[in-house]
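Note sheet for the following structure.
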Amino acid sequence: MEELLHYVWKHKLFTLKPLQTTDGQPIEIIDPGLANMHAGPDFFNAKIKINDVTWVGNIEIHQQASDWFRHNHHLDPTYDSVILHVASDIDAVPTRSNGETIPQMELHYPPYLWENYEELIRADRYPACFRIIPQLPSFLLHSWLSTLQVERFENKTQQIEKHLHEYNQDWEYAFFITLARNFGFGVNSDTFELWAKSVPLAAVNKHRDNLFQIEAFFFGQAGLLQELPVDAYTENMIKEYNYLKQKFGLQPSSDCRWRFLRLRPGNFPHIRIAQLACLYHRSQGLFSQLMEAESVNELRNLLKGGTSEYWLTHYTFGIPSPSHPKTISQSSTDLLIINTVVPFLYAYGKHKSNDALCLRATQLLEELKPENNYIIRMWKECGLEALHAGDSQALIQLKKNYCDLKKCLYCRIGYEYFKKKEI
């Protein structure tokens, strides 16, 4: 229940009676400080007044005062800067590492707050706060969505930075891994990422002018050339991959578990891999071109893809089908822009300290239609409709990082829920 105590402290939801320390000294909370999400005291740079003396420092909050000693704060000089210890159960007197006692205040959360919190946590309707959403000012909602959009940018930037760290700051390779993952379109995303990490992109680049060889690299590393040849194309593909395998010391990925169940043929891994091969054959310096593109239409043209001739009449190896172009639909291309190009624009802008790239990432989202998935439809039913892709990304962030984790205390809609219930 410490989270509720943190919430009461942060928003100064104190009882109407005068505040005082456990030894009877009057307290005025001028500024509760900034919440600390990392190691160290719970709130930084708070400002309080005890007996007309103003103190500036840190605040630590516990359910029981004795938690101070259970967590060994009395031995840690980091906590010597604490100017006030707050607890709901006073069963000990906290001390600094030099033995000096720390002022302490007893704090309880209001009964209505606990009732509202339980109501949100135990609600069987999702999201639990659906009743209040239509009552909230549009300014408040859109301000919160803007914050959530930035949070999502930052989360995706962290993932990109992780890939960069793993692959020696190679932006092209990090982009390839992310693009490949998003070519899985949910069902095969994890497998596509594993596959992409097995593809020696530097070796592929040496053969980038030969589409057949790129296909051999891609299908071979995907473990899709292990069966006996079923036609002349696959026989030649296997021979080509074996040659490349010897030349570059390749090893097919053994972790690729491709899923086909309930997939439309156009989403089969074979087609998506063939489209990626064609994309990398057609676009030299793909990452640079995408980073320099100025409009949504320019990005769509770069990503619209296609396949080699064989795949016009096949969805898998050896089984002919009526001739049909296997281009990527505009809706799928837009998803690739939203989930791959835009995050890389933002991350690359931060890396280069180029605000123009970060701004263009935001503008591109505002130019694209909102995504159409069950999360966005759920919020629309609650009265929160996405106007563009920036909003839909924010709503996905809201569900995954707040609603799913029951972090109502950290959500602005949750805050308004508590406030309305109080009234």
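The values are calculated or read from the model by the stated rules, or taken from the named source; none is laboratory data. Small disclaimer: the values here were computed from a predicted structure and weren't measured. Backbone-built Cβ (ideal geometry, glycine too); neighbour counts: all protein chains shown. Surface accessibility is based on the protein's heavy atoms, side chains included, excluding ligands, DNA and RNA. Shrake-Rupley method; radii C 1.70, N 1.55, O 1.52, S 1.80 Å.
Which of the residues spanning segment 125-168 are among the aromatic types (Phe, Trp, Tyr) and closer than 18 Å to Cys408 by Cα? Give the steps one after another, and end with the answer.
Narrowing segment 125-168 to residues among the aromatic types (Phe, Trp, Tyr): 126, 130, 139, 144, 153, 167.
Once the filter is applied, which keeps residues that are among the aromatic types (Phe, Trp, Tyr) and closer than 18 Å to Cys408 by Cα, segment 125-168 yields Tyr126, Phe130, Trp144.
Pick out the one residue from Asn72, Asn98 that is at positive phi and either open to solvent by 50 Å² or more (accessible area, probe 1.4 Å) or in contact (Cβ under 8 Å) with a residue 12 or more places away in the chain (or both).
When all the criteria are applied, what remains is Asn72.
I'm trying to understand the selection: among the residues of segment 308-323, which are farther than 12 Å from Ile271 by Cα, part of a loop (DSSP other than H, G, I, E, B) and of a type outside the set (Ser, Thr, Tyr)?
Hits for segment 308-323 are Gly318, Ile319, Pro322.
Please work out which residue is surrounded by the most Cβ atoms within 10 Å (Cβ to Cβ), limiting yourself to segment 379-397 and to residues that are touching a Pro at 6+ places or on another chain (Cβ under 9 Å) and among the hydrophobic types (A, V, I, L, M, F, W, C).
Restricting to residues being touching a Pro at 6+ places or on another chain (Cβ under 9 Å) and among the hydrophobic types (A, V, I, L, M, F, W, C), the top hit is Leu395.
Is at least one residue of segment 245-261 within 23 Å of Asp170 (Cα to Cα), open to solvent by less than 10 Å² (accessible area, probe 1.4 Å) and assigned to a helix (DSSP H, G or I)?
no
For segment 346-378, give me each residue that is surrounded by fewer than 16 Cβ atoms within 10 Å (Cβ to Cβ), more than 19 Å from the chain's Cα centre (by Cα) and closer than 21 Å to Phe185 by Cα.
Answer for segment 346-378, where residues must be surrounded by fewer than 16 Cβ atoms within 10 Å (Cβ to Cβ), more than 19 Å from the chain's Cα centre (by Cα) and closer than 21 Å to Phe185 by Cα: Lys369, Arg377.
May I ask you to verify whether Phe218 is at pLDDT 95 or above and either in contact with a helix residue (DSSP H, G or I) (Cβ under 6 Å, 6 or more places away or on another chain) or closer than 22 Å to Glu309 by Cβ (or both)?
yes
Inside segment 122-179, can you point out the residues that are open to solvent by 60 Å² or more (accessible area, probe 1.4 Å) and among the aromatic types (Phe, Trp, Tyr)?
Tyr126, Phe139
Quick one: Pro127 ticks every box in (1) in contact (Cβ under 8 Å) with a residue 24 or more places away in the chain; (2) within 30 Å of Glu416 (Cα to Cα); (3) in a loop (DSSP other than H, G, I, E, B); (4) more than 25 Å from the chain's Cα centre (by Cα) bar one, so which box is it?
In the conditions (1) in contact (Cβ under 8 Å) with a residue 24 or more places away in the chain; (2) within 30 Å of Glu416 (Cα to Cα); (3) in a loop (DSSP other than H, G, I, E, B); (4) more than 25 Å from the chain's Cα centre (by Cα), Pro127 misses (4) alone.
Take the residues of segment 190-222 that are assigned to a loop (DSSP other than H, G, I, E, B) and open to solvent by 30 Å² or more (accessible area, probe 1.4 Å): which is farthest from Phe317 (Cα to Cα)?
Among those that are assigned to a loop (DSSP other than H, G, I, E, B) and open to solvent by 30 Å² or more (accessible area, probe 1.4 Å), it is Lys206.
Pull up segment 82-93, narrow it to residues that are farther than 18 Å from Tyr109 by Cα and open to solvent by less than 50 Å² (accessible area, probe 1.4 Å), then point me to the one that is farthest from the chain's Cα centre (by Cα).
Only one residue tops the list, namely Ala92.
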